[in-house]
1. Using 0.36 nm times the number of residues separating residue 404 and residue 366, minus their current alpha carbon distance, what extension gain do you get?
2. Would you grab the residues whose amide H sits under 5 Å from the one on residue 185? Only those 5+ places off in sequence or on another chain, please, with H modelled 1.01 Å from N.
3. Can you work out ³J(HN,Hα) from phi for every residue in the stretch 458-465, in order, using Karplus 6.51 cos²θ - 1.76 cosθ + 1.60 and θ = phi - 60°, giving whole Hz and x for Gly and Pro?
4. Given a cut-off of 31 Å, name the pairs among 217/407; 92/157; 75/192; 75/174; 157/343; 106/184 whose C-alpha atoms lie farther apart than that in the structure shown.
5. Which ³J(HN,Hα) values in Hz, rounded to whole numbers, follow from the phi angles of the stretch 267-274 under the Karplus curve 6.51 cos²θ - 1.76 cosθ + 1.60, where θ = phi - 60° and Gly and Pro get x?
6. Only counting other Cβ atoms within 10 Å, I'd like 224, 237 sorted with the fewest neighbours first.
7. With a Förster radius of 35 Å, plug the Cβ-Cβ distance of residue 412 and residue 172 into 1/(1 + (r/R0)^6) and report the FRET value to the nearest 0.05.
8. Obtain the nm distance between the two label points defined at residue 80 and residue 386 by a simple spin-label model: each point lies 7 Å from its Cα along the Cα-to-C-beta direction.
Amino acid sequence: MKFIKKLFCFFFIKICSKNAKKNNNNVNNVNLNNELNNSGNLNNDFDLYEKLLSHQVFGICIKCNKPNSHYYWCKDCYSKKFQQNFGNWTSKNVYVDNFIRELQLKARNRFELLEWVPYDRLRNIKFLAQGGFSTVYEAIWLDGLIDSWDYRKNVWKREVDELNVSHEDSNNSKIKNPLKSNEKYGYYVVLKSLNDSSNMNDHFLNEWRLHLECQYKVASSGSTLAPLIGITQDPETLNYMIVMAKLPFGSLRDNLLIKRYNPNDKFHNLLLISTQLEAIHKLNLVHGDFHSGNLLCHDHELITISDLGLCRLVNHDYHKKNEIYGILPYMAPEVLRGKSYTKAADIYSFGIIMWEMTSGIPAFHNVPHDLSLSLNVCRGIRPEIMEGTNPEYAELMKRCWDNDPEKRPTANELKRIFLKWAEIYPMEEDEKNRKPVPKNETDVECYQKSYYTSRKIQHSDRLNAIFAQIELSNKIIINENNGNHDNEIIMSDNLADCVIEG
Ligand SMILES: [Zn+2]
């Protein structure tokens, strides 16, 4: 119970309601605690938020006297505020406008809405990374995230930070829209430019709608996905960009070495990840591209899943049969062999992430991500269990990455197990006692043919052909065309015990 309470507090108190901490007048903490203590078996419960709403734990709206839908948030009153403002902005695309409006009308809290973000309100736009289906930038949004309505000034109160940026950046040609010297406040964001998205239509927006649906479901279980906060459009490429909050700790992959030196963190991180994954699976969806670069850290403990379906809709080829996308080390053997993606394939990726939590480095970082690795994964080769790994943890990890998808645990089972472990292994909350990242180990050197952004995996047919051949021959020769690994020989003896359904 204690941990559910803590998990709940993260979403509702730590992330969403900094203000609630400052001023508790409007927050019914007694009801909150009672509800949490009386909720019974919450392990299985996806209506926590609804229960809390019905118990009025978020206080009463000062305008309409009805229960708030979140701290300082009255869904009914705020949706009217949004509606009154519909005429004052437009994306110049009817689908995008309608999408944003629809969300604004039903938002129960500040993380369930999107805003149209005019590109000219963004500053210091800087290239960050090239993904398989999108280009990622970081930027500063001058206006900042909506917090609540200021009834005195009749405007939205917004969350902005005092900017700690030197203005010499303005001379850097790699930065678009440099910050002006009088601009001192803003909100750090990440922009994901979706390739070929200039002709945005309803079909295209479906995937974002999906993310928001998952957000609702995840919120109901007391957690959160990485929140989307708006949409903007690059005036040069005309590509649409999704605007997301830039989380202070970056991705889990960025934080791997921190995890390595604070071993109990992983139980807490994985509890949150499994909770979010369970919500996604409950909607009968699969993430489909689950890896440590898609897990974003708010701090040592709070971690959120991102990139849910966002990157894949853009490339319509994705929907063609037999085309597989992902990062090879996280991909389940059956997916590598061209079978469709399932919940069990997400669980396989979860197992690889579990391993990464113990090693501090991405799986298979020292080998090329090619046909040979795929073949080895299908043979049952997995990352080597790190010395000192808790045996129960190692067993669970092995179940997650079992070659047989049927033998892998469900997200619900994972959540239950991590809930128990998180209680047994508390986090080191005192910042002073946390071990720092050793400076000389911050960069993990990866093999030059290791890829950690999603890409098309094109060798399923060859992989299947090889497995068919294994049955006929004692020795096979693989010609890997895309590299220097010609004539790699794999003895059938090693493969003999590998039984894979065709
Ligand atoms: Zn109200």
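Every read-out reported here was derived from the displayed coordinates using simple, explicitly stated rules and does not represent laboratory data. All values derive from a computational prediction rather than experimental measurement. Please note: Cβ atoms are built from the backbone with ideal geometry, for glycine as well, and neighbour counts cover all protein chains shown.
1. Numbers: separation 38, 0.36 × 38 = 13.68 nm, distance 2.58 nm.
The residue 404-residue 366 span can extend by a further 11.1 nm.
2. It is 163, by chain and number.
3. For the stretch 458-465, the Karplus curve yields 10, 10, 4, 4, 5, 4, 5, 4 Hz.
4. 75/174; 157/343; 106/184
5. Running phi through 6.51 cos²θ - 1.76 cosθ + 1.60 with θ = phi - 60° gives 5, 6, 4, 6, 4, 5, 5, 5 Hz.
6. Working: 224 25, 237 14.
Fewest to most other Cβ atoms nearby, the residues stand as 237, 224.
7. On the way: r = 49 Å, r/R0 = 1.39.
Between residue 412 and residue 172 the formula returns 0.10.
8. 5.5
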